[in-house]
Amino acid sequence: MINHLILHMLDCQAGLCLLADQEMSLQNEAVLDFVAKHLQRLHRDERSQRGQFNEDSCFEQALDQYRYGNRGFVDFSRVIAELFYNQLSRAEKPVAADLLVVDCSINEKAYLGVLLLDYRHAFTHQVDNGATGVAISIIDHNAILPSIAQKLEAYALVDKESKRILFNDNPRTIEGVEVTVLPEKVLECSIEISSNEAIKTMNDIAAKVAESYGENAAVVLSQAKNYIVENAEVSELLSLEELGKEIFADASEQQRSYASLVEEAQLPKEIEVSKSLAVKTGRSQKIKTDTGIELSFPVEYFSNPDFIEFINNPDGTIAIELKNIGKIINK
């Protein structure tokens, strides 16, 4: 549900910062649907990083003023827009975008959303009524907002109660220094790794440990994926320590090596993994041999010798035996 909605223009390419004085109407169903679908997509975006406000965050102070009725929504949104524009206007590559600020509820939780809608280049028609009749031509337009199907590169969803933040942004160069504007300069919050990146890093560590002890990395990764899927059925919190104990259950030395590398990579002890991300992660396992052969299997097949078996040959090579195949289909 959308409670308040406002749009500001931050066209740094044109040197234009046009701040709205009024909220947008909530009577246009098409616009509400456009915004709501973007919000739902961002809420489950696997790229999202997480953070908490720093102690001296100006954004948090303004948010508290708004939450407790000491500042109106329009005024609060203008503060955010000015913070954004002051930073983006100094970037080496100027941004041309609209800033959407929205007070909303997602899955019964209250959020404050900040969405940077970068302009897209597109073509449309133009109708001209001339002396000889109607002429219809194609023109290019440089200020088209992202469609529902397009990903936003910079956004934040702030849980108004817990103040936990979901965000994404790309680094920009400002006065020769690389800066991630949204978390560092606007929100002023900590930057935690995304669940997607944490799982990818964990997989790399698990494979490295398996290979260093002469184990089959593909089998270990399939076990990790199975564990992630099973864990997501009971909790959205995944303990990387427990995962390591599971995939190296009978090898305490490998467990210690895994734990050491996880700590070295500065991964959090727990990460949030939604069911959708767990299913996507655990759907299949791909392997590629040094002979150039690529294979993709359902993850559950790796632990079932009735379908696939890895055989260590005396000469050190590995044989892969596929079983119970009823038909081979060319693709």
Item to check | One residue from Leu157, Leu238 being part of a strand (DSSP E or B), more than 24 Å from Cys58 (Cα to Cα) and not aromatic (Phe, Trp, Tyr) | outcome: Leu238
Next on the checklist: Anything in the stretch 52-65 that is touching a residue at least 24 places away in the same chain (Cβ under 8 Å) and assigned to a helix (DSSP H, G or I)? List them, or say none.
Outcome noted: Cys58, Phe59, Glu60, Leu63
Checklist entry - Quick check: anything in the stretch 171-182 among the charged types (D, E, K, R), at pLDDT 90 or above and farther than 19 Å from Cys12 by Cα? => result no
Item to check | Subset of the stretch 119-132 (residues that are open to solvent by less than 50 Å² (accessible area, probe 1.4 Å) and either among the basic types (Lys, Arg) or at pLDDT 85 or above (or both)) | outcome: Tyr119
Next on the checklist: I'd like to know if the stretch 10-33 contains one or more residues that are among the acidic types (Asp, Glu), touching a residue at least 60 places away in the same chain (Cβ under 8 Å) and more than 17 Å from Tyr119 (Cβ to Cβ).
Outcome noted: no
Item to check | Filtered residue count, the stretch 92-135, keeping only those that are part of a strand (DSSP E or B) and basic (Lys, Arg) | outcome: 2
Checklist outcome for this item: Counting only residues that are in a loop (DSSP other than H, G, I, E, B), closer than 23 Å to Asn226 by Cα and open to solvent by 80 Å² or more (accessible area, probe 1.4 Å), the stretch 296-324 contains a total of 2
Checklist outcome for this item: Considering residues that are open to solvent by 70 Å² or more (accessible area, probe 1.4 Å) and more than 21 Å from Leu116 (Cα to Cα), the number found within the stretch 167-208 is 6
Checklist outcome for this item: Residue hits (the stretch 242-278; surrounded by 14 or more Cβ atoms within 10 Å (Cβ to Cβ), part of a helix (DSSP H, G or I) and touching a residue at least 24 places away in the same chain (Cβ under 8 Å)) are Leu243, Gly244, Ile247, Gln254, Ser257, Tyr258, Leu261, Val262, Leu277, Ala278
Next on the checklist: Looking at Leu7 and the list (1) over 26 Å from the mean Cα position of the chain (by Cα); (2) on the phi < 0 side of the Ramachandran plot, which single condition is not satisfied?
Outcome noted: (1)
Checklist outcome for this item: For the stretch 71-118, the count of residues that are farther than 23 Å from Met1 by Cα, free of Cβ contacts under 8 Å to residues at least 60 places away in the same chain and either open to solvent by less than 10 Å² (accessible area, probe 1.4 Å) or in contact with an Asp or Glu (Cβ under 8 Å, 6 or more places away or on another chain) (or both) equals 1
Item to check | Subset of the stretch 204-233 [small (Gly, Ala, Ser) and in a helix (DSSP H, G or I)] | outcome: Ala206, Ala207, Ala210, Ser212, Ala217, Ala218, Ser222, Ala224, Ala232
Next on the checklist: Kindly evaluate Ala20 against the criterion of being open to solvent by less than 30 Å² (accessible area, probe 1.4 Å) and closer than 20 Å to Ile174 by Cβ.
Outcome noted: no
Checklist entry - Is the stretch 33-48 home to any residue that is in contact with a Phe, Trp or Tyr (Cβ under 7 Å, 6 or more places away or on another chain) and not basic (Lys, Arg)? => result yes
Next on the checklist: When you check Ser239 against the structure, is it open to solvent by less than 40 Å² (accessible area, probe 1.4 Å), modelled with pLDDT of 85 or more, under 16 Å from Thr201 (Cα atoms) and over 28 Å from the mean Cα position of the chain (by Cα), yes or no?
Outcome noted: no
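The values are calculated or read from the model by the stated rules, or taken from the named source; none is laboratory data. What you see is a predicted model, and the numbers here were worked out from it, not measured in a lab. So basically every Cβ, Gly included, is an ideal-geometry build from the backbone, and we count neighbours across all protein chains shown. What goes into the accessible areas is simple: the full protein's heavy atoms, side chains included, and nothing from ligands, DNA or RNA. Shrake-Rupley method; radii C 1.70, N 1.55, O 1.52, S 1.80 Å.
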